[in-house]
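S.K.: Okay, here's the structure, questions in a sec.
The values are calculated or read from the model by the stated rules, or taken from the named source; none is laboratory data. Since we're looking at a predicted model, the values are computed, not measured. Here the Cβ is made from the backbone with ideal geometry for all residues, glycine too, and neighbour counts use every protein chain on show. The area values use the complete protein model at the heavy-atom level, side chains included, leaving out ligands, DNA and RNA. Shrake-Rupley method; radii C 1.70, N 1.55, O 1.52, S 1.80 Å.
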Amino acid sequence: MSLAFYIALAGILFSIGAVTVVVRKSVIISLLGVELMLNSASLVFITFSRVLGDYSGQVMAFFVMIVAAAEVVVGLSIVVAIFKSRATTDLDQNVALRK
Amino acid sequence: MNSMLAAVAAVLPASDAWVGPVATQEATGPAAFASLLFVVPLAVAAFLLLGGNRTNKWGHWVAVAASWFSFALGVAILIQMMGLPASDRRFTQTLFTWIPAGDFQVDFGLLVDPLSMTFVMLVTLVGSLILVYSVGYMEHDPARRRFFAYLVLFIASMLVLVLANNYTAMFLGWEGVGLSSYLLIGFWNQVPSNASAANKAFIMNRIGDVGFLIAMMAMVAAFNSTTFDEVNAGVAGASQGTATVIGIFLLVAACAKSAQFPLQAWLGDAMAGPTPVSALIHAATMVTAGVYLIVRSGTIFIYAPIAMACVAVVGLITLILGALIGSFKDDIKKALAASTMSQLGYMMLGAGLGPIGWAFAIFHLLTHGFFKSLLFLGAGSVMHGMNDQVNMRRFGGLRKFMVVTWITFMMGWLAILGVPPFSGYWSKDHIIEAAFSTSTFAGADAPWAAWVFGSVAVLGAAMTAFYMSRMFFMTFSGKARWTSDVDGGAVHPHESKPIMTVPMIILAVFAVGLGGVLSINDVFTTWLTPAIGPVDHAEPVLSAIWIQIITLVLVLIAAAFAWVKFGKEAVPKAAPYGNAFSRAARNDFYQDEINEVIAVAPTTAAVEGVTAVDRYGIDGGINGLGRLSVWTGKVIAWTETGYLRSYAGYMLGGVVVIVAIVLGFRL
């Protein structure tokens, strides 16, 4: 298996995640996109860890998972709070930054 | 060239015939109190202006007393000076250090010499008489106190001007008289035209003031001093260019102050002020300051023959110009103003002839001061009896109603005509003779100069006779052409009160006798010698007796012509349309229009240009910067949508771009 396949897969995953974040209106889906991007980054870490025989890359992947779990907790609770006050999770309805 | 050198030698201290201008001594006796001459009037002016309405009732008498005090002190100094030998008649006194600026220092010093004393006597005597006259003339004016405050302020300034021993202190007085003149021309500033006449005088005088300042700067640059003594000493060793620059700019200053061509336009309008002001400031004293300046700076002009020639030419032009304007004016005061201009032209001519003319310029200035102020006071008296009308075409036949005014005016008229033995004859005749004795022009031998200068001076005398006789006959002779109820209100001419006529009578005595008395044994020119050097006698190209005969005959012919035209024949009540020339003269040869075109319009255009550059260039640039940031802000704000997704998109885009750049450089 060539290194390039892993990198390409990670790139594809990252792109899907990024496009999801930018394109989809639902907050939940956006968070999912973010998760996808994090996982693509983890994939790259692990790939290089295996290729270089250095475990610190895998350690980094664990960190990413933990941070992602924490992020999901915080993010989802914000989403719940927004939903409580605005009755919607549509990103385009939440434009308090400008109006 | 030889006579040039002789002229130079005559004013230099090396000449052993007399002790030159350098020999001065510390003031003693009455002369030590010379500063009181102007301090007292100045204090009174301040007192009256600060005292306010409380001094309304008696304030004018304080002013009169201050003026007579200055006169009395002047007489005391004069007597002291007469008792001394000629070589000792030059006092200086340093009052205080005025401008201490390192190497350059200006002391406020006084110079009491025969020339300044001549002016002190003229200013204080004529001034005091006019102040007395004004008590009557301004009797019903609610602002009489202010009027007197300004008048004594004028007297104080004029005395500073003539007593200063350096150009800087002289400039203080120079500005002071300009200020008083401005305040008094616009005294009745409730009438807009009076206020603008005051502005006109003030602004035109600024041109001269700039000339004065530039001349002083040149003095400081060249000699590091502005005292007369040091400048005179310095100019002897300086280049002719330096002397010429100083001389030309002093002439500019003199032209503005003395209403000489081409800065003459303000004097006619200055008649907007009360008549005593016209008599004192715009006839007898202030306007002669220019002549004083030229004569006082005589040494500079000796070393600057080109500037000297300019003085003479300016005098000649103004002499004729004033006479022509005077011949066609119907406003009695404006005609007198034109006459003043013309007579000042005579003095300038005398001052521009060099040592052969200085003493006579000052002599004419002195006699003119008396007879012209008399004529103005006479005009004021006429106006007083005629409801303040000034149009001579609506006067006529007044001699029966104003006997004292008529007789005193006649004395002034005969004096200005130069009829022997009246004052004007003695002074004007000498200037004409001196003009006929000119042998150089701008430093070169010029045999033609005597004929040109002389004939113009004689022609001027004839024209003077014409316009003054015209004025005299139109006002006092012929049939009454007074206004009635239908055209301007009925008039009831009457003689003025003694408080006005007595000063006129005293001035008339001087107008009759002063010239003759001061000519006995050339007492006046001898008296001036310690200040301006001896008169450089030169032979006129025409013998003196012929000059006198020709002048007198022309004067009589001109006067007779005026009598036929304006005394015997009926004078039309309205000015005839006239030919192009008379219309031009009546309009002051379109001096205002010319000034408008050559000075005002370009200045206005320049101001408009600068304003446009400021508005569209500088302001435009600044506003443009402002608009640019607003526009940039708008564009940037447009990207700030508030949508989370677009921010995420920007971030993503940014990361992609940065990665692309990084990879691009790597690869």
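S.K.: Can you work out ³J(HN,Hα) from phi for every residue in segment B:536-541, in order, using Karplus 6.51 cos²θ - 1.76 cosθ + 1.60 and θ = phi - 60°, giving whole Hz and x for Gly and Pro?
M.R.: Couplings: 7, 6, 10, 7, x, 5 Hz.
S.K.: Can I ask one more? Note the buried accessible area between B and A here, summed over both chains, with a 1.4 Å probe, in Å² to the nearest 100. Each step should come with its number before you reach the end.
M.R.: Values: alone 26620 and 7010 Å², together 32600 Å².
That pair of chains buries around 1000 Å² in total.
S.K.: Please report the spacing between the Cα centers of segment B:489-541 and segment B:36-85 in Å, no decimals.
M.R.: Here the two parts' Cα centres lie 23 Å apart.
S.K.: Of the peptides B:194-202, B:514-522, B:538-546, how do they stack up when ordered by the mean number of other Cβ atoms within 10 Å, highest first?
M.R.: Put in order of decreasing packing, that is B:194-202, B:514-522, B:538-546.
S.K.: Could you tell me the relative contact order of chain B? Use alpha-carbon pairs under 8 Å, at least six residues apart, and round to a whole percent. Don't jump to the answer; show the numbers that get you there.
M.R.: On the way: 1125 pairs, mean separation 88.2, N = 667.
Contact order relative to length: 13 percent.
S.K.: Then there is this: Among all the lysines, which ones have a C-alpha under 19 Å from residue B:634's C-alpha, if same-chain residues fewer than 8 places away are not counted?
M.R.: Answer for residue B:634, where 19 Å is the Cα cut-off: A:99, listed by chain and number.
S.K.: Next up: Would you tell me the mean number of C-beta atoms belonging to other protein chains that fall within 10 Å of each C-beta in B:649-658, as a whole number? Before the final figure, lay out each step's value.
M.R.: Details: counts 5, 1, 3, 6, 1, 0, 1, 1, 0, 0.
Across B:649-658, the average partner-chain Cβ count within 10 Å equals 2.
S.K.: Loop-only trypsin sites (Lys or Arg not before Pro) in segment B:427-507, please: DSSP not H, G, I, E or B, and at most 12 other Cβ atoms within 10 Å.
M.R.: B:479
S.K.: Could I ask something else about it? Please compute, for peptide A:19-29, the average count of beta-carbon atoms on other protein chains lying within 10 Å of each residue's beta-carbon. Intermediate results must be reported in sequence, preceding the final value.
M.R.: On the way: counts 2, 0, 6, 10, 3, 1, 3, 0, 1, 0, 0.
The mean count of partner-chain Cβ atoms within 10 Å per residue comes to 2.
S.K.: Let me ask something additional. Helix B:36-51 sits at what angle to the longest principal axis of chain B, using alpha carbons and giving 0 to 90 degrees rounded to 10?
M.R.: Rounded to the nearest ten degrees, it is 60.
S.K.: In terms of solvent-accessible area of protein heavy atoms at a 1.4 angstrom probe, what is the ranking of B:619, B:141, highest value first?
M.R.: Numbers: B:619 65, B:141 30 Å².
From most accessible down to least: B:619, B:141.
S.K.: Output the 0 to 90 degree angle, nearest 10, between the alpha-carbon long axis of helix B:601-612 and the longest principal axis computed from the alpha carbons of chain B.
M.R.: 20
S.K.: If you take the charge dipole of the protein assembly as shown about its Cα centre, with +1 on Lys and Arg Cβ and -1 on Asp and Glu Cβ, which of B:505, B:186, A:4 is farthest toward its positive end?
M.R.: Positive-end residue among those listed: A:4.
S.K.: Once phi is turned into ³J(HN,Hα) by the Karplus curve 6.51 cos²θ - 1.76 cosθ + 1.60 with θ = phi - 60°, what whole-Hz value does each residue of segment B:565-570 show in order, with x for glycine and proline?
M.R.: 7, 10, x, 7, 6, 6
S.K.: Show the residues, 5+ positions off or on another chain, whose built amide H is closer than 5 Å to the amide H of residue B:440.
M.R.: The answer is B:446.
S.K.: Here's another thing I want to ask about it. Which order do peptides B:362-373, B:269-280 fall in by mean Cβ count within 10 Å, highest first? Mind showing how you got there, number by number?
M.R.: Details: B:362-373: 28.8, B:269-280: 27.2.
Highest to lowest by the protection proxy: B:362-373, B:269-280.
S.K.: Can I ask one more? Across the Cα atoms of chain B, what radius of gyration and what greatest pairwise Cα-Cα distance (Dmax) are found, in Å?
M.R.: Rg, Dmax (Cα atoms, Å): 30.5, 119.
S.K.: Where does each of B:310, B:255 land when they are ordered by accessible area, with a 1.4 Å probe and the largest first? Numbers along the way, then the final one.
M.R.: On the way: B:310 45, B:255 5 Å².
I get B:310, B:255, largest accessible area first.
S.K.: Here is a follow-up. Collect residues whose amide H, placed 1.01 Å from N in the peptide plane, falls under 5 Å from the amide H of residue B:95; neighbours closer than 5 in sequence don't count.
M.R.: B:108, B:109, B:110
S.K.: Also, quick follow-up: How compact is chain A by the rule of thumb for globular proteins, expressed as Cα Rg over 2.2 N^0.38 Å?
M.R.: Details: Rg = 16.5 Å, N = 99, 2.2 N^0.38 = 12.6 Å.
Chain A yields a ratio of 1.31.
S.K.: Would you give the gap between the C-alpha center of segment B:122-148 and the C-alpha center of segment B:167-237, rounded to a whole Å?
M.R.: If we compute the Cα centre of each part, the gap is 25 Å.
S.K.: With every protein chain kept in place and ligands, DNA and RNA left out, what is the accessible area per residue of the protein assembly as shown? Probe 1.4 Å, answer in Å².
M.R.: Numbers: 32600 Å² over 766 residues.
For the protein assembly as shown, the per-residue accessible area is 43 Å².
S.K.: For the protein assembly as shown, take every pair of Cα atoms, bin their distances at 20 Å starting from 0, and report each bin as a whole percent.
M.R.: The calculated distribution, bin by bin, is 15, 39, 16, 5, 11, 12, 2.
S.K.: A further question on this structure: Do any of B:400/B:497; B:372/B:428; B:57/B:333; B:200/B:257; B:333/B:428 go past 19 Å between their Cα atoms, and which? Each step should come with its number before you reach the end.
M.R.: Working: B:400/B:497 16 Å; B:372/B:428 14 Å; B:57/B:333 30 Å; B:200/B:257 13 Å; B:333/B:428 22 Å.
Cα-Cα > 19 Å for B:57/B:333; B:333/B:428; rest within.
S.K.: Still on this structure, please answer the following. So for segment B:324-421, what are the equivalent ellipsoid semi-axes in whole Å, largest first, each being the square root of 5 times an eigenvalue of the Cα gyration tensor?
M.R.: Working: eigenvalues 159, 43, 19 Å².
In descending order, the three semi-axes are 28, 15, 10 Å.
S.K.: Along the positive direction of the dipole of segment B:599-666 (beta-carbon charges: Lys, Arg +1; Asp, Glu -1; about the Cα centre), which of B:603, B:623, B:646 reaches farthest?
M.R.: B:646
S.K.: When each pair of different Cα atoms in segment B:599-666 is counted once in the 1/r mean, what is the Kirkwood radius in angstroms, to one decimal?
M.R.: Working: mean 1/r = 0.0610 Å⁻¹.
Kirkwood hydrodynamic radius for segment B:599-666: 16.4 Å.
S.K.: Report, in degrees rounded to the nearest 10, the 0 to 90 angle that the Cα long axis of helix B:228-237 makes with the longest principal axis of chain B.
M.R.: Between the helix axis and the principal axis of chain B, the angle is about 80 degrees.
S.K.: On to the next question. Using the Cβ atoms and a cut-off under 14 Å, what net charge is assigned to the surroundings of residue B:415, where Lys and Arg are +1 and Asp and Glu are -1?
M.R.: Numbers: positive: B:372, B:428; negative: B:429.
Cβ neighbours under 14 Å give a net charge of +1.
S.K.: Name the long-range amide H neighbours of residue B:227: under 5 Å, sequence gap of 5 or more, or other chain; modelled H, no Pro or chain starts.
M.R.: Answer set, sorted by chain and number: B:167.
S.K.: Packing-wise, with mean Cβ within 10 Å as the measure, how do B:574-584, B:500-510, B:644-654, B:154-164 rank, highest first?
M.R.: The densest-packed peptide leads the list: B:154-164, B:500-510, B:644-654, B:574-584.
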